[in-house]
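Visitor: Structure provided below as structure tokens; questions to follow.
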Amino acid sequence: MDEDTGGRFARGWETVGKINAPARDRQMQALWPLAPDFARWIVEAGYGDILSRPGLGLREREIATVAALTALGNAPAQLKAHIEGALNVGLTREEIVEVIVQMAIYAGVPAAINALAAAREVFEARAPSR
């Protein structure tokens, strides 16, 4: 592994930890044995190159990610992981719900309803609701 690749992976791995430390190892263990080059690429490119950029904080990046995954409507596992990540970087449940509700205008009501169901699952799996 060249130094650039090692630096990108280390930077990306650190960013993954900031967003979703509790699930980081589990996510990697699920993907690495099947597609190690793909797993490395996700960490290096997605987290090391893009999510580590200085232009936005992780909080704002998770808002954008939750919005995009809601709009896609076909990535429930990734949406749940990033709802979890959004909570980990400081978004409140209410803010996440607002991001999802706003997406109903752009992505459609069914996409928002599905995303709200995903959010409910994440919220219920975490610390008890107020």
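Visitor: Starting from the 7 Å offset along Cα-to-Cβ, what nm value, one decimal, do you get for the label separation of ARG126 and LEU72?
Guide: According to this spin-label approximation, the distance is 2.0 nm.
Visitor: Quick one: Karplus J couplings for the stretch 68-79, per residue in order, coefficients 6.51, -1.76, 1.60, θ = phi - 60°, nearest Hz, x for Gly and Pro?
Guide: Whole-Hz 3J(HN,Hα) from phi for the stretch 68-79: 5, 5, 4, 5, 4, x, 10, 9, x, 5, 5, 4.
Visitor: Further question on the same structure: When only Cα pairs under 8 Å and 6 or more residues apart are kept, what is the percent relative contact order across the stretch 14-127? Mind showing how you got there, number by number?
Guide: Values: 99 pairs, mean separation 29.7, N = 114.
Relative contact order for the stretch 14-127 comes out at 26 percent.
Visitor: Can you list, bin by bin at 5 Å, the percent of alpha carbon pairs in the stretch 40-99, starting at 0?
Guide: 4, 19, 27, 27, 17, 5, 1
Visitor: Could you tell me the distance between the Cα centroids of the stretch 1-72 and the stretch 81-127, to the nearest Å?
Guide: Result: 20 Å between the Cα centres.
Visitor: Moving to a separate point now. So what are the ³J(HN,Hα) numbers for the stretch 60-65, from phi and the Karplus equation (6.51, -1.76, 1.60; θ = phi - 60°), rounded to whole Hz, Gly and Pro as x?
Guide: Couplings: 5, 5, 6, 4, 4, 5 Hz.
Visitor: Further, regarding this structure: When the chain is modelled as a GNM with alpha-carbon springs shorter than 10 Å, which of GLU60, GLU44, GLU84 fluctuates the most?
Guide: GLU60
Visitor: Among LEU34, LEU116, LEU79, which one moves the most in a GNM of the chain with springs linking Cα atoms closer than 10 Å?
Guide: Maximum among the listed residues: LEU34.
Visitor: Given a 1.4 Å probe, how much area per residue of the chain is accessible, in Å²?
Guide: Spelled out: the 1.4 Å probe surface of the chain, per residue, equals 59 Å².
Visitor: Which translational diffusion coefficient, to the nearest whole µm²/s, is obtained for the stretch 17-61 from the Stokes-Einstein equation, given a Kirkwood hydrodynamic radius over C-alpha pairs, 25 °C and 0.890 mPa s?
Guide: Approximately 217 µm²/s, per Stokes-Einstein.
Visitor: Ignoring any ligand, DNA or RNA, what whole percent of the accessible area of the chain comes from carbon and sulfur when the probe is 1.4 angstrom?
Guide: Heavy-atom surface of the chain belonging to carbon and sulfur, 1.4 Å probe: 59 percent.
Visitor: So for the chain, considering every pair of alpha-carbon atoms, how many percent are separated by more than 26 Å? Numbers along the way, then the final one.
Guide: On the way: 2017 of 8385 pairs.
For the chain, the share of Cα pairs beyond 26 Å comes to 24 percent.
Visitor: With axes computed from alpha carbons, what is the tilt in degrees of helix 109-125 against the longest principal axis of the chain, rounded to the nearest 10 within 0 to 90?
Guide: Here the helix axis deviates by roughly 70 degrees.
Visitor: Can I ask one more? Would you mind giving the three semi-axes, in whole Å and largest first, of the ellipsoid equivalent to the stretch 89-130 according to its Cα gyration tensor?
Guide: The answer is 20, 12, 6 Å, longest axis first.
Visitor: Report the calculated FRET efficiency for GLU98 and LEU56 (r = Cβ-Cβ distance, R0 = 22 Å), to the nearest 0.05.
Guide: Here the calculated transfer efficiency is 0.75.
Visitor: Can I ask one more? Taking the chain as a Gaussian network, Cα atoms linked when under 10 Å apart, which of GLN29, GLN78, GLN102 shows the biggest mean-square fluctuation?
Guide: GLN29
Visitor: Further, regarding this structure: Using the Karplus curve 6.51 cos²θ - 1.76 cosθ + 1.60 with θ = phi - 60°, what ³J(HN,Hα) values do you get for each residue of the stretch 80-97, in whole Hz, with x for Gly and Pro?
Guide: With coefficients 6.51, -1.76 and 1.60, one gets 4, 4, 7, 5, 4, x, 4, 5, 5, 9, x, 6, 8, 4, 4, 5, 5, 4 Hz.
The values are calculated or read from the model by the stated rules, or taken from the named source; none is laboratory data. Bear in mind that the values here come from a model prediction, so they are computed numbers and not experimental data. Backbone-built Cβ (ideal geometry, glycine too); neighbour counts: all protein chains shown. Calculation scope for accessible area: heavy atoms of the full protein, side chains included, ligands and nucleic acids excluded. Shrake-Rupley method; radii C 1.70, N 1.55, O 1.52, S 1.80 Å.
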